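Participant: Attaching a single structure in structure tokens format; questions to follow.
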Amino acid sequence: MKKTFLFLLLAGIQFVHSQELALVKKNSKIGYLAKDGSFKIEPQYKSAKSFSEGLAAAENGGKWGFIDTKGTWVIPADFKSVKDFNSGIAIVQKDKDWVYINKKGEVLKAPASEKLYDFNDGVAFIKQGNKVGLINSKMAVVLEPKYDQIKPFENGFARVELNKNWGIINTAGKELVEPAYTEIGNYFKNTTWARKDKTFGIVSGGKFIPVDGAEKIWDFEIQDLTFAKKNGKIGFIDLKGNWVILPIYDKAKAFSKNLAPVLVGSKWGYINPKAEFVIPPTYSDAEVFNSNGLAPVKESNWGFINESGKLVIPTQYGITTNGIAAMFIQQDKGFINGVARVKNEGKWGFLKPDGTVLGNQWFENAELFSKSAERHTSAEEVSEKSKPETKSTKPTGKPTAKKKK
């Protein structure tokens with residue numbers, strides 16, 4: 001996904017040696033904020049990326065290298081361009097060529113591939129001819145190129161396309177769902193949704209179970225229920241494909257904390273798994289509950305309610321949203337790992353659950369605190385003579401956008 005501003009292109013938060021740091025911009029310089037609200041690294045960089053596996057890319061004199069959490073240069077700024085570390089490996093542009101390096105800055109010899117791809121979940125794609133396979137972080141081939149497409153791994157599983165049909169593999173290259181479907185969802189508790197010709201259903205134990213009247217199914221996320229469409233309305237199905245909540249809602253989002261946002265007319269409220277309204281539909285927008293039991297809700301602006309529906313933080317903020325990516329990422333808005341990124345009067349900061357502002361500081365820009373293991377990134381392809389290009393994160397065909405908007 002392309003971004004308009006260089007800062008946003010460079011930003012994304014990672015888990016760092018058991019310490020979370022947020023990339024922030026203050027007085028036109030980039031630094032790194034700790035969870036106590038203090039600067040771990042004072043703003044000093046014109047351009048930088050977020051920490052990834054203990055290292056962050058930073059620019060110095062027009063070249064890129066990597067710093068540690070103390071701001072010490074670990075890999076000198078000798079590269080024209082760099083990408084984040086993942087699985088102990090990063091892609092960098094050395095002279096005119098894109099290559100893999102390890103955390104010592106050593107160039108790694110990779111198996112033959114027409115393109116270089118980012119590592120994710122310990123593997124990276126290789127492309128030979130029109131086929132795609134996998135290598136591991138030891139630069140060994142774990143799956144010979146055989147598929148037409150492999151989509152980015154999510155929690156150790158990836159969608160694959162072969163002869164215009166979709167299936168699912170794991171990071172060892174083993175097929176968990178054979179490529180036999182027109183469209184396919186994520187892999188959750190040994191189950192996925194799929195479309196076979198024009199019929200939507202659930203795939204479990206190698207069997208395709210049609211879902212009665214389903215016109216669309218969204219991915220399973222946190223709970224064993226997901227939302228689906230029938231006769232133009234939204235309801236919820238379980239992992240066996242049964243309608244457990246009848247499709248009577250105009251829109252819906254995922255269950256979390258046994259509560260799901262649903263739209264009735266022009267207002268959002270929250271139902272429980274028995275389809276009972278726990279929080280009446282009174283809001284102009286609403287998001288799923290985060291792990292701390294708070295959910296963003298919107299009147300004219302955004303605030304936060306608890307599980308009983310009490311407004312605990314006033315509706316006076318803008319909240320984190322990552323554009324197109326927000327359609328594919330669970331809980332990209334609201335409280336994540338204890339803080340929520342919000343906007344107020346043109347500045348960005350972090351709220352704590354009690355409504356106070358972290359460090360009592362606001363910034364020109366700020367990126368989410370999040371652990372690298374929870375970060376969802378799109379596969380990015382690098383050609384030998386071009387800059388990185390983000391690839392699609394979903395199978396082609398009908399859109400599979402989830403949860404947002």
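Participant: Output yes when any residue across region 375-385 is at pLDDT below 90, in the same structural domain as N165 (by TED's automatic domain parsing), farther than 29 Å from G185 by Cα and surrounded by fewer than 21 Cβ atoms within 10 Å (Cβ to Cβ), and no when none is.
Facilitator: yes
Participant: Quick one: G129 ticks every box in (1) farther than 30 Å from N242 by Cβ; (2) touching a residue at least 24 places away in the same chain (Cβ under 8 Å) bar one, so which box is it?
Facilitator: (2)
Participant: Of everything in region 303-323, what is in contact with an Asp or Glu (Cβ under 8 Å, 6 or more places away or on another chain) and modelled with pLDDT of 95 or more? Give them in sequence order.
Facilitator: Selection gives T315 alone.
Participant: In region 64-86, which residues are more than 24 Å from the chain's Cα centre (by Cα), over 18 Å from P43 (Cα atoms) and charged (D, E, K, R)?
Facilitator: D78, K80
Participant: Quick one: count up the residues across region 351-372 that are modelled with pLDDT under 95 and part of a strand (DSSP E or B).
Facilitator: Qualifying residue count, region 351-372: 2.
Participant: Among the residues of region 12-28, is any at pLDDT 90 or above and not in a strand (DSSP E or B)?
Facilitator: Yes, region 12-28 has at least one match.
Participant: Residue by residue through region 289-319, note down the ones that are part of a loop (DSSP other than H, G, I, E, B), of a type outside the set (A, V, I, L, M) and closer than 21 Å to F369 by Cα.
Facilitator: Scanning region 289-319 gives F289, N290, S291, N292, G293.
The values are calculated or read from the model by the stated rules, or taken from the named source; none is laboratory data. In this text, all values refer to a predicted model and were calculated from it rather than measured experimentally. Quick reminder, even Gly has a Cβ in these numbers, built from the backbone with ideal geometry, and neighbours come from all protein chains shown.
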